[in-house]
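Each remark here refers to the structure printed beneath this line.
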Amino acid sequence: MKGREWAPHRRAYYPRLWPIIAVATPPIALASVLLTWSKWFGFGVALIVGGLATRVRWMVWRHRHPIVSPEERAQDRMNEMRQNARWN
């Protein structure tokens, strides 16, 4: 069993923009063509959708990579050492 990855912080992770652009652009472009929005209104909606997609992606990443305190890491290390001990 592999222990949790330890870091005193999240190591300045910044999500890439290209997946968000790839996901948010086609529906906005299709809606803009079908609904004949003005360019500025479509641009504003695209910014809002892109911002929401970025926020959701960041929240998912933070949920999957919680901050592990030094005490939790030490406990994980002790449990790992006990599991790998020669005379269990």
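The values are calculated or read from the model by the stated rules, or taken from the named source; none is laboratory data. Note that this is a predicted model, so its numbers are computed, not measured. So basically every Cβ, Gly included, is an ideal-geometry build from the backbone, and we count neighbours across all protein chains shown.
Brief remarks on what is shown
- Checked against (1) modelled with pLDDT under 80; (2) touching a Lys or Arg at 6+ places or on another chain (Cβ under 7 Å); (3) of a type in the set (Asp, Glu), ASP76 passes all but a single condition, namely (1).
- Taken together, the residues in the stretch 58-88 that are in contact (Cβ under 8 Å) with a residue 24 or more places away in the chain, part of a helix (DSSP H, G or I) and either surrounded by 11 or more Cβ atoms within 10 Å (Cβ to Cβ) or more than 26 Å from the chain's Cα centre (by Cα) (or both) amount to 10.
- Taking first residues from the stretch 31-56 that are modelled with pLDDT under 80 and in a helix (DSSP H, G or I) and partners that are among the hydroxyl-bearing types (Ser, Thr, Tyr) and surrounded by 12 or more Cβ atoms within 10 Å (Cβ to Cβ), the Cβ contacts under 6 Å between residues at least 6 apart in sequence or on separate chains come to GLY42/SER32.
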